[in-house]
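Chemist: Structure in structure tokens, see below.
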Amino acid sequence: MGSVGAKDVPQLLDANGKRIDGRGLEELRPLKIEAGVLTRANGSAYVEWGENKVMAAVYGPREVHPRHMQENTKAVVQCRYNMASFSVDERKKPGLDRRSQEISKVISEAFESVLFVEEYPRTSIGIYIEILQANAGTRCAGIVAASVALADAGIPMSDLVPAIAVGKVGGKLAVDLRKEEDNYGEADMPMALVPKSGRLVLLQMEGHMTAPEMAQALEMGVRGCQQVYEVQKDALKRRYAIQRPTEAV
Ligand code: CDP
């Protein structure tokens with residue numbers, strides 16, 4: 001692999017302020033969510049967000065494995081985020097690397113604060129996120145899928161959790177970065193929101209922003225999350241409508 005010279009860096013914003021895929025700064029990539037796609041899991045959801053393709057499956061509340069991780073006062077939330085080998089340009093070595101472990105941990109913590117874990121002591125709630133195709137923003141897509149899967153499993157929680165990354169590209173703040181923007185932009189800030197309370201349950205930051213830029217990025221992220229939230233709710237409404245008998249026998 002050669003090093004990336006300045007001439008190789010793509011121009012992230014054109015003269016009209018459009019991004020490389022033609023989007024505006026606050027425009028999300030197309031987002032599609034389907035709830036209840038797997039029969040063996042207690043709850044599931046499939047998300048296509050731009051070129052990201054993500055499956056989430058939820059099991060539980062069920063027995064804790066390994067046993068010593070059991071907690072007497074609450075359920076433990078165990079998330080496993082995994083990137084398939086074929087999900088990225090260069091085949092990813094299978095298994096949980098440091099990045100996947102970190103993402104699994106922050107997603108577990110995000111959901112632990114939203115799920116009513118005290119209602120299910122000595123159990124585990126397992127959240128499995130499989131990234132089938134990646135194009136930046138996969139931890140956000142994973143959270144979006146997992147929260148619909150948790151609702152599909154009927155696990156009580158205070159709200160759905162929409163998520164989005166806000167970043168800085170070509171000197172401007174932009175939402176929902178795609179891979180080139182993530183790689184060559186100045187900053188990437190994934191966040192996950194609990195819309196009903198306005199609480200952030202995940203906030204990470206790579207790169208550089210000024211404090212005023214960060215405040216503005218948070219506002220843009222909240223607006224982006226509201227859009228994602230509507231798509232999540234719609235997926236659950238469609239799932240419910242399909243299950244309801246249409247005619248009395
Ligand atoms: O996916 P997310 O933005 O949450 O996490 P990231 O660590 O910022 O990764 C950004 C993107 O880099 C991923 O979505 C993949 O498209 C790509 N990537 C990759 O190509 N190979 C890896 N081993 C990890 C990430």
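Chemist: Considering only residues that are away from the ligand (no atom under 16 Å from the Cβ), assigned to a strand (DSSP E or B) and in contact with an Asp or Glu (Cβ under 8 Å, 6 or more places away or on another chain), which ones fall in the stretch 165-198?
Modeler: Residues satisfying the conditions are 173, 194.
Yes or no, residue by residue, for (1) surrounded by 12 or more Cβ atoms within 10 Å (Cβ to Cβ); (2) among the acidic types (Asp, Glu); (3) in contact with a Ser or Thr (Cβ under 8 Å, 6 or more places away or on another chain); (4) at pLDDT below 95:
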residue	(1), (2), (3), (4)
67	no, no, no, yes
71	yes, yes, no, no
75	yes, no, yes, no
90	no, yes, no, yes
94	no, no, yes, yes
107	yes, no, no, no
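Chemist: Answer yes or no: is there a residue in the stretch 48-62 that is surrounded by fewer than 12 Cβ atoms within 10 Å (Cβ to Cβ), more than 14 Å from residue 150 (Cα to Cα) and without any contact (Cβ under 8 Å) to a residue 60 or more places away in the chain.
Modeler: no
Chemist: Let me ask something else about it. Of everything in the stretch 75-109, what is more than 10 Å from the ligand (Cβ to nearest atom), without any contact (Cβ under 8 Å) to a residue 40 or more places away in the chain and of a type in the set (D, E, K, R)? Give them in sequence order.
Modeler: Listed by number, the residues that qualify are 98, 105.
Chemist: Now a separate question. Scan the stretch 113-127 for residues that are over 17 Å from the mean Cα position of the chain (by Cα) and either assigned to a loop (DSSP other than H, G, I, E, B) or within 16 Å of the ligand (Cβ to nearest atom) (or both) and jot them down.
Modeler: Within the stretch 113-127, 116, 120, 121, 122, 123 qualify.
Chemist: Of all residues in the stretch 128-147, how many are part of a helix (DSSP H, G or I), more than 9 Å from the ligand (Cβ to nearest atom) and within 18 Å of residue 85 (Cβ to Cβ)?
Modeler: Residues meeting the conditions: 0.
Chemist: Sticking with this structure for a sec: Taking the stated definitions as given, is residue 194 surrounded by fewer than 19 Cβ atoms within 10 Å (Cβ to Cβ), of a type outside the set (S, T, N, Q) and at pLDDT 95 or above?
Modeler: Criteria not met by residue 194.
Chemist: Conditions: (1) over 17 Å from the mean Cα position of the chain (by Cα); (2) surrounded by 17 or more Cβ atoms within 10 Å (Cβ to Cβ); (3) of a type outside the set (Gly, Ala, Ser); (4) within 16 Å of the ligand (Cβ to nearest atom). Residue 162 meets all but one. Number of the miss?
Modeler: Residue 162 satisfies every listed condition except (1).
Chemist: How many residues are closer than 21 Å to residue 24 by Cβ and touching a Lys or Arg at 6+ places or on another chain (Cβ under 9 Å) if we restrict to the stretch 133-163?
Modeler: 5
Chemist: Another one. Of all the residues that make up the stretch 128-158, how many are charged (D, E, K, R) and either over 15 Å from the mean Cα position of the chain (by Cα) or crowded, with 24+ Cβ neighbours inside 10 Å (or both)?
Modeler: 2
Chemist: Can you pull out every residue in the stretch 77-88 that is surrounded by 12 or more Cβ atoms within 10 Å (Cβ to Cβ) and among the hydrophobic types (A, V, I, L, M, F, W, C)?
Modeler: 77, 79, 83, 84, 88, listed by residue number.
Chemist: Test of understanding: among 38, 31, which residue is under 30 Å from residue 174 (Cβ atoms) and out of contact with any Gly (no Cβ under 6 Å at 6 or more places or on another chain)?
Modeler: Criteria check complete, one pass: 31.
The values are calculated or read from the model by the stated rules, or taken from the named source; none is laboratory data. Note that this is a predicted model, so its numbers are computed, not measured. Note that we place each Cβ from the backbone using ideal geometry, even for glycine, and neighbour counts take in every protein chain shown.
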